[in-house]
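The values are calculated or read from the model by the stated rules, or taken from the named source; none is laboratory data. All of these numbers come straight from a predicted model, not from anything done at the bench. A quick note on method: Cβ atoms are made from the backbone with ideal geometry, for glycine too, and the neighbour counts reach across all protein chains shown.
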Amino acid sequence: MPWRRLARNRLSFAALGAILVVTVAALLAPWLAPYDPDEPDAAVALASVSVRHPLGTDLYGRDQLSRLIHAGRVDLLVALSATAIALTLGATLGAAAGYRGGWVDHLVMRGVDAVMAFPAFILALAITAALGNSTANVVAAIALTHVPIYTRLIRGEMLKARETEYAEAARTVGNRPHQIVLYHLFPNCVPPLIVQATLAMGFAILTVAALSFIGLGIQPPQSEWGQMTAEGAGYVVSGEWWLVLFPGFAIMLTVLAFNLVGDTLRDLLDPRMRGVR
Amino acid sequence: MPSRWRVALLSVEGLVKHFPLGGARAWLDRLGGQAPRSVRAVDGVSFAVAPGETLGLVGESGCGKSTVARSILRLVEPTAGRVTFGDVNLTTLSAEPLRRQRRDLQMVFQDPTASLNPRLSVGRTVEEPLRRHTTLGTGERRARVAEVLAQVGLGPELAGRYSHELSGGQRQRVNFARAIATRPRFVVLDEPTSALDVSLRARAILLLDELRATLGMTYLFISHDLASVKYLAHRVAVMYLGTIVEEASTAELFARPLHPYTRALLSAVPVPDPDVRRARIVLAGEVPSPIDIPGGCRLRGRCPLAQPVCAEPVTLREVAPAHRVACHLV
């Protein structure tokens, strides 16, 4: 089982643990957060790390730990929905392009090339700037920039799978084309898709944070890691280090964790390793 | 049982399959004003198979045997020619009617491992043709799967296994089971035993013959293993470089091979008796590329008996009852 092998590697086990912690925290935010994240308390404004406020407070005396937990909710939700949309769209387009070939392939791949011609972040930035920076638009922007990853991946896998003898056998047995793709080819393309989606999750979180950092992503008062980092950055010189350190650390840890798990999954699901499993 | 005495179940007429060459070479040809060249994998093949009969199609690797098989089932689209199954012209059939014909027209592939989807259990694999072609319910399908598995000598407990948990011999039996699940009338066997080791090969051949007899199927048996062909086939067609060079009943062909290529092929079969000394007929050189096929008789450049007349085009003609040969010198 890949999960047991994953657990054996300490680093990726720790990374998996980090993802789990962040996810659970996001799911149970209202119950886990010690304070209301939006509740100001002038008495403790800009308070440093303490027992009552383990990660300190901001300018309005809002508890930073509570804000961080609630922010993780947004980051994960946006990244996850963007990844899910991009994966669905990309896999469908890629499967059509790879299996049908011909003009469908040309059309899809030229569209993908057009999207890829722009640096992903610049494109996401342009979309949110043009459409307005609602959460839905951030999701749409990230999803669109991620579609090419999955399209190209699935197209390549389809091209390989299409030529296999089991694909021919599936046709001989009386499957219709969509049944061949759905029941025979696609399931054999899933392992690399999981790897790619895990790696892309990290990148998606980074993009949400980056967009919010420059003010084009998630808007206050809703807290978000990138936006919190941006707010905290102003306080570095005046000595309130906790305001930038903890949100920045949250981003780094989560992105790193997704990348590590993705890398390990890639090694584990490598077709050459399949026999060892 | 020569096919002309009965109505053929499957007949192939003038089958041609050319694979056009792509790439820089094709561009150069076009620039030079020539038609782009192609690999002439199958270059005018005709034969017929009578109901209940097994026709062996033999020839060395690359002679176009598998392409014939794939063209019959339209896994590749033939360039020209006509394949008639019963009274249906398969070559002009559109997708859905063709798909429905597949209930009666199955194939066993060469590589028992590669032809099984690694993510489907044995049960699901064998069940699939039933799902696609019958209205049987889940329970009925399951019962039928167990029955078919038993017919190929596999226990019902294997239904839950996956391909990588099976031995090579078991995998090929799963392939047989999938092919016969819908009780097809015609099965193309594309080198079904070439991936099996010798001890399993004999048993697989026996099983195939038994299945044909009990289920009343008709086989096109493609192989380069002459011993298997001799056992399983009623009639044999010998292919060389995309054409049939000789065709006769199995007994006749093995006793009186007429074409120099058939003779060379048969003389290459080892005889399990060290005292027997035979004249080994060795062909000179290599098989010509199917891109540059020589005019006239295709064996001309390699044939020890070649004469000037061999440069003339040669066709398959009947030299003895039900014995057809494509050679000027016979």
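Considering B:P257, B:P274, which residue is in contact with a Leu (Cβ under 7 Å, 6 or more places away or on another chain) and in a loop (DSSP other than H, G, I, E, B)?
Criteria check complete, one pass: B:P257.
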Residue among A:V237, A:V181, A:V173 that is hydrophobic (A, V, I, L, M, F, W, C), more than 23 Å from A:V147 (Cα to Cα) and at pLDDT 90 or above:
A:V173
For the condition over 28 Å from B:G216 (Cβ atoms) and either more than 24 Å from the chain's Cα centre (by Cα) or in contact (Cβ under 8 Å) with a residue 40 or more places away in the chain (or both), what is the one hit in B:G153, B:G123, B:G139, B:G160?
B:G160
Entirely in the range B:126-226, the helices (runs of 4 or more DSSP H) that have 1 or more residues that are at pLDDT 90 or above and touching a strand residue (DSSP E or B) at 6+ places or on another chain (Cβ under 7 Å)
B:168-180, B:198-215
Looking at the range B:181-189, is at least one residue over 17 Å from A:R171 (Cα atoms) and more than 14 Å from every other protein chain (Cβ to nearest Cβ)?
yes
If we keep only residues of the range B:75-119 that are facing chain A (nearest Cβ under 9 Å) and of a type in the set (D, E, K, R), then the residue surrounded by the most Cβ atoms within 10 Å (Cβ to Cβ) is B:R102
Please verify whether A:L199 is under 22 Å from A:F121 (Cα atoms), of a type outside the set (G, A, S) and surrounded by fewer than 21 Cβ atoms within 10 Å (Cβ to Cβ), treating the condition exactly as stated.
yes
Go through the residues of the range B:182-189 one by one and say whether even a single one is over 18 Å from the mean Cα position of the chain (by Cα) and more than 21 Å from B:N117 (Cα to Cα).
yes
Got a sec? Which helices (runs of 4 or more DSSP H) wholly within the range A:90-197 have at least 1 residues that are more than 12 Å from every other protein chain (Cβ to nearest Cβ)?
A:102-117, A:120-131, A:135-162
Can you spot a residue in the range B:290-303 that is part of a strand (DSSP E or B), basic (K, R) and either at pLDDT 85 or above or touching a helix residue (DSSP H, G or I) at 6+ places or on another chain (Cβ under 8 Å) (or both)?
no
Of a type in the set (V, I, T) and more than 18 Å from the chain's Cα centre (by Cα): which single residue out of B:V7, B:V16, B:V42 fits that description?
B:V7
